[in-house]
Amino acid sequence: MAVAVDQSAQTEEEQSTRLSIIGMRCAGCVKTVENAIKGVTGVKSVVVNFADHTAVVEGEVDPAKLREALQEVGYDAALMESFEDLEAQERMEEERYQTLLRKSAAAGAWGIPLMVGGWLDLWPPIGTPQGSDFWAIVSLITFGVMYYAGGHFFSGAVKSLRGGSANMDALIAMGTGAAWLYSTIVIDFAEVLPPEATHPYFEAAVIIIAFVTLGGALETRARGRASSAIRKLIGLQPRTARVVRNGQEIDVPIEEVGVDEIIRVRPGEKIPVDGVIVDGHSSVDESMLTGESIPVEKSEGDEVIGGTVNLRGSFLMKATHIGKDTVLSHIIESVRQAQSSKPAIGRMVDQIAAVFVPVVVGIAALTFLAWWSFGPEPSLGYAFVTSMTVLVIACPCALGLATPISIMVAVGRAAQSGILIRNGDALQTAGRITTVVLDKTGTVTEGKPRVTSIYPRTGWTEEVILQLAASIEAGSEHPLAGAIVSEAQQRSLEMKPVSGFEAVTGKGVKANMDGQQVLFGNAALMESEGIEIRDVLDQLDNFAEQGQTPMILVLDKKVAGIISVADIIKNDSKQAISELKEMGVRVWMVTGDNEKTAQAIAREAGIDQVRAQVLPDDKANVVRELQAKGEIVGMVGDGINDAPALAQANVGFAIGTGTDIAIESGDVVIMQGSLLKVPEAMKLSRATVRNIKQNLLGAFIYNVSAIPVAAGMLYPFFGILLNPMIAGAAMAMSSVTVVTNANRLRYLKL
């Protein structure tokens, strides 16, 4: 299977820089990172994806300057271009995971005994000489633990505030820092404070850090599973190739393979680059590309795709596309772009997350003032606890993760099934499609004419009719001639020599064979040659009613038989159309073919609405008509004449076996010709949107309900106050829950 590659896209790709962002810890970081990168000269646009901690930067810019800009606001970055970059990112993520686990364990190892001792009343009270010495030591040790386990929160908060924004670090730093500072002040001023306000909160400070850091570690691990699809795709790229140079076969790094170079591929090896087989044959596993597990037979002249697996047989191939021009490289880039793209719902959430932290700080300040002014004694203690709890619980991480993590997992899941989704908006819209418009040739049908019926007259056999027709058509370049010759070859029929071959435009061919004149063509040819065909008119009409093209074979002015050729529907088109109808989607077929053939194909495929003899530009007009009636339209096609309609549709599905222009016009590329991938993509879209809504609803309910509870709204009625440590655990687990829910899409059955 050949998938077209757009050569013109290379210039744009060369201006795109992909960075792995180090140090992002919440949705509030997105705006800080974007603003820092936008401030670098030469940057045209930037898209930051919080789900996989990456940034795609468009423009002529030095990556070193981007890194410097990020370091100034508390982050760092690593360039992502090659397999080695991915491995380096994975190592950094694993190191980050282990580091976070160690920090969480250190904070917990100090905070938990401190908390349990307080419950059991083991520690001396503040205000006594013994208590003052004991809690002073506790203050110093707690400071050291906070410096080791939570220092990144404080440094990140300072740098983000210096960059003109506030993020999760600011909330955690303010909450835990205030807890430590208040507790330390209480040690020295216990005698001037009400006894009820002299409770220390050292254990709360470190246990909050322990919970939040553990949540970050778990999120890092879960996020790694979510991005497994892109790693698998990149892992498909072989590292070396066995090239033939100066008559010898040598192994060279994949980067050193040149265009037109001859490469040896042995059984069990991955095909290194895109190319054409020049010697040998084999069967190739193309499942990574198409999602189809059945191996494809390949022989001399057939195209092979880099990253697919040679199962058996050794062959020589000539490299046609290398490096960033290979199909696999374009798939990887498309998946990355789609995973980084933000649908409308995601852009809205980003705007909310960007202002969330300042709003929370304001709510925390109001909470403090309200409890201090109107709360029961010790009002200062209550004011401190409630405002700290608000700061800790209200991080918008779950809200910021809700959309991008689901998009990232879904796009990867689609790629594994041979569906290439090129942007997040298409993924969001596909599930809402109400009408699907199908092209006929190459979309509903195979796009290759095949012999469907052979009707011999009395005294003739199918084999002889086919042999004579194939012999005379062997010199023709017409697609229908190719179908007849191919059928004869499959039946191992020997071609007979012909002479005096003549093609009659629009009618058929004439030639001499074994001293006899042979005619093969349509009724118009027979009429012009004075051949009587009244006896077979009913059969000709019958074939035409079935959407087939009948051709008459005549020897010495007598009809010997009829061969019917048709572009038959694909094996699974009928099933796909049935599934679309079951999903409540109306199905149209729009084609430039004649009415009779179009209606016959539509009947066989189960399509109710047909527009035939439609000019290329009018296909887009049909889409506009449907959209004007309020329909959300998905267009499926594979030809140049489908490109305007693909672009006009709400979602364009391009058949990957089609042309460059069709693929570039499509929002979704079906990497194999199966129409079943259209309902699969729609099912995935619906599941993804459901998943996003679940994530957003959960995050929204969490934040909306948690903040009032943290502020003490339930206290006047039920005497309930939320413990800051529980708030820290809840905040951490909300993000982990969102990532875990999104990961369910990896196992969705399509």
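Per residue, the solvent-accessible area of the stretch 465-552 (1.4 Å probe, heavy atoms of protein chains only, all protein chains present) comes to 52 Å². A simple rule links phi to the HN-Hα coupling: the Karplus curve 6.51 cos²θ - 1.76 cosθ + 1.60 with θ = phi - 60°, which for the stretch 538-548 gives 4, 5, 4, 5, 4, 4, 5, 4, 8, x, 9 Hz, with x for Gly and Pro.
Between residue 259 and residue 44, the contour length at 0.36 nm per residue exceeds the alpha carbon distance by 74.1 nm. Note on the stretch 244-319: Cα-only Rg and Dmax are 11.8, 38 Å.
In terms of distances greater than 23 angstrom between alpha carbons, the cross-link table entries 496/558; 298/318; 270/298; 298/683 yield 298/683. Kirkwood hydrodynamic radius computed over the stretch 423-492 comes to 15.3 Å, based on all pairs of distinct alpha carbons.
With a Förster radius of 45 Å applied to the C-beta separation of residue 128 and residue 720, the computed FRET efficiency comes to 0.90. Here residue 333 and residue 490 are evaluated by their C-beta separation; at R0 = 35 Å the FRET efficiency comes out at 0.30.
For the stretch 681-750, the list of trypsin sites (Lys or Arg not before Pro) that fall in a loop by DSSP and count at most 12 other C-beta atoms within 10 angstrom reads 749. Counting only protein heavy atoms and a 1.4 Å probe, the stretch 378-464 has 26 square angstrom of accessible area per residue.
Applying a threshold of 27 Å to the alpha-carbon distances of 159/324; 44/677; 65/324; 448/629; 448/619 flags 159/324; 44/677; 448/629 as lying beyond it.
The values are calculated or read from the model by the stated rules, or taken from the named source; none is laboratory data. Computed from a prediction, not measured in an experiment: that's the story for all the values here. FYI the Cβ positions are ideal-geometry reconstructions off the backbone, even for glycines, and counts take in every protein chain you see. Just the protein is used for accessible areas: all its heavy atoms, side chains included, with ligands, DNA and RNA removed. Shrake-Rupley method; radii C 1.70, N 1.55, O 1.52, S 1.80 Å.
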